[in-house]
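Quick one: this structure, given as structure tokens, is what I'll be asking you about.
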Amino acid sequence: MNKTDRMLAIVIELQRKGVLRAEDLAAKFETSVRTIYRDVQALSEAGVPVAGAPGLGYSLMEGYFLPPVSFTPEEAVALLIGAEFVEMRLDAEYGEKARSSQEKIEAILPESVREETERIRSVIRLLNEKGAKTRGQEKETFKQLRRAILQKRRVRFRYAKNLPDPDGSRHSERTVDPYGLVFLQGLWMLVAFCGLRQDIRHFRLSRMNELAVLDDSFSIVPGFRFQDHRSIDDRKVTVRLWVDPSVADRVQESDNFYMESFEPGDKGWLATFRVRRVEDLLQWTLGWGAAVQVLEPESLRERVREEIQKMLERY
């Protein structure tokens, strides 16, 4: 990054963040603190009102704004495709804002940039693979949760569990403090403090129903930072499967959440997974029929045999 680009980027960062130390800016732009001092001095001499407070950092004087920023074709494409993603994956309110943002971006692009942007976009598409009913339901759930998170309101819902309880029930009622939403492996997840488990838990939006936003407010657990949160990896069971070459491409393209590796093996392919329990892969494995063979653990091999026997009894 040359000096001119860096100076513009410094102003943009100060507009975004408010107050930043020279050390923060140096780390951001991978340069020295001394260089940042020189850049800020140059900005001041150019008439940009940068104020410095010892021990706090630099900030822009209130009321100062940059003139409209120009976009390269690649930058414009990134923003426009990002808006398409928002329209597809977030709720209707944000979808409407995404469409209006697209129109504003397109309106300010110079004709030459707009033409190049359209050329690039013509070869890139985002397709939503889910059915409209499911997509609409998840968008409504997303909308309710988004508002509850911003208002710090508890929510209650019925949740469909992956495995049944000893009594056979697959549903439980949860009251949680919603902290944030995460898009992971093509799925929206709610990160929340669960009143039932008294701990931070993740919930798939697709498994929620009868969602209600309560009047009760909540406070975030002391020390919790959503941006720093990483779920504890409790997948301790390793599963290895032999995959027939005839379905290898489709198995790899299935992008199973639990898959760790997919490598050539003896007369086929070797797929390795890490799961919490063997039942996490049971139905998926059975779905491939004889084209997939469980190598380990023995407990999963036994569960597959049990399911096959039940199927034989029914047929």
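The values are calculated or read from the model by the stated rules, or taken from the named source; none is laboratory data. Computed from a predicted structure; not experimentally measured. When we count neighbours, we look across all protein chains shown, and the Cβ atoms used for this are built from the backbone with ideal geometry, even at glycine. Ligands, DNA and RNA are stripped out before the accessible areas are found, and what is left, the full protein with its side chains, is counted by its heavy atoms. Shrake-Rupley method; radii C 1.70, N 1.55, O 1.52, S 1.80 Å.
Could you give me the residue pairs with C-beta distances under 9 Å whose first residue belongs to segment 253-276 and is without any contact (Cβ under 8 Å) to a residue 24 or more places away in the chain and closer than 19 Å to Leu184 by Cβ, whose second residue is among the charged types (D, E, K, R) and open to solvent by less than 50 Å² (accessible area, probe 1.4 Å) wherever it lies, and which are 6+ apart or on separate chains?
Tyr258/Arg235; Tyr258/Asp280
Just checking, which of Ile232, Ile200 is within 25 Å of Asp280 (Cβ to Cβ), open to solvent by 70 Å² or more (accessible area, probe 1.4 Å), of a type in the set (A, V, I, L, M) and without any contact (Cβ under 8 Å) to a residue 60 or more places away in the chain?
Ile232
Quick one: in segment 205-246, of everything that is assigned to a helix (DSSP H, G or I) and touching a strand residue (DSSP E or B) at 6+ places or on another chain (Cβ under 7 Å), which residue is farthest from Trp269 (Cα to Cα)?
Phe226
Here is a yes/no grid of residues against (1) in a helix (DSSP H, G or I); (2) in contact with a helix residue (DSSP H, G or I) (Cβ under 9 Å, 6 or more places away or on another chain); (3) surrounded by 12 or more Cβ atoms within 10 Å (Cβ to Cβ):
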residue	(1), (2), (3)
Ile10	yes, yes, yes
Gln15	yes, no, yes
Thr35	yes, yes, yes
Arg38	yes, yes, yes
Ser59	no, yes, yes
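Pairs needed: first member in segment 126-151, over 16 Å from Ala92 (Cβ atoms) and at pLDDT 90 or above; second member anywhere, open to solvent by 60 Å² or more (accessible area, probe 1.4 Å) and not hydroxyl-bearing (Ser, Thr, Tyr); C-beta distance under 8 Å; at least 6 residues apart or different chains.
That search, which allows pairs on different chains as well, returns Ala148/Arg154.
Let me ask another. For residues that are in a helix (DSSP H, G or I) and either at pLDDT below 95 or among the small types (Gly, Ala, Ser) (or both), tally how many sit in segment 287-302. Talk me through it step by step, then tell me what you get.
Initial filter on segment 287-302 (in a helix (DSSP H, G or I)): 289-291, 298-302.
With the extra rule that they be either at pLDDT below 95 or among the small types (Gly, Ala, Ser) (or both), the set shrinks to 289-291, 299.
Adding up the residues that qualify gives 4.
Given the criteria open to solvent by less than 30 Å² (accessible area, probe 1.4 Å), more than 30 Å from Val304 (Cα to Cα) and touching a residue at least 24 places away in the same chain (Cβ under 8 Å), does Asp216 qualify?
Values: open to solvent by less than 30 Å² (accessible area, probe 1.4 Å): no; more than 30 Å from Val304 (Cα to Cα): yes; touching a residue at least 24 places away in the same chain (Cβ under 8 Å): yes.
Spelling it out, it is not the case that Asp216 is open to solvent by less than 30 Å² (accessible area, probe 1.4 Å), more than 30 Å from Val304 (Cα to Cα) and touching a residue at least 24 places away in the same chain (Cβ under 8 Å).
Return only the number of the condition from (1) crowded, with 16+ Cβ neighbours inside 10 Å; (2) in contact (Cβ under 8 Å) with a residue 40 or more places away in the chain that Phe193 does not satisfy.
Unmet for Phe193, out of (1) crowded, with 16+ Cβ neighbours inside 10 Å; (2) in contact (Cβ under 8 Å) with a residue 40 or more places away in the chain: (2).
What number of residues in segment 253-276 are at pLDDT 90 or above and not aliphatic (A, V, I, L, M)?
Result for segment 253-276: 10.
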